[in-house]
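Below is one structure, written out as structure tokens; the observations come after it.
Derivation of every value follows stated rules applied to the coordinates shown; laboratory data play no part. Quick caveat, the model's predicted, so the values are computed rather than measured. In this analysis, Cβ positions are derived from the backbone assuming ideal geometry, glycine residues included, and neighbour counts consider all displayed protein chains.
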């Protein structure tokens with residue numbers, strides 16, 4: 001069963017970016033000592049989406065960050081993004 005933030009992020013990305021490929025890895029435990037609360041704070045995202053294809057790397061990252069603004073405000077600390085292109 002997915003944890004709440006993990007599921008919310010996946011749902012948001014699915015809804016708005018209709019990805020062909022989507023992988024979200026919780027890397028929170030790799031950051032022991034960096035933060036007090038390590039419950040779903042650091043993620044690695046690998047995504048391929050037609051919505052992001054014609055955007056520059058910066059624009060695509062901004063689009064993703066804008067979609068997840070509420071998660072960043074609520075405790076998400078870091079999101080490492082890899083966008084797969086054709």
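Quick rundown of the values:
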| item | result |
| --- | --- |
| Antiparallel DSSP beta bridges within the stretch 4-83, as percent of all bridges there, nearest 5 | 45 |
| The stretch 4-83: C-alpha gyration tensor shape, a/c 1.5 cut-off, then a/b vs b/c | prolate |
| For the chain, calculated [θ]222 nm from helices alone, where every DSSP H run of n ≥ 4 adds -39500 (n - 2.57) | -11000 deg cm²/dmol |
| Order of 5, 44, 62, 85 - criterion: other Cβ atoms within 10 Å of each residue's Cβ, fewest first | 85, 62, 44, 5 |
| Acute angle (nearest 10 degrees) that the helix 57-67 long axis makes with the longest principal axis of the chain, alpha-carbon atoms | 60 |
| Angle between the chain longest axis and helix 4-17 axis [Cα atoms, degrees, rounded to 10] | 10 |
| Relative contact order, percent, the stretch 4-83 [alpha-carbon distance under 8 Å, six or more residues apart] | 35 |
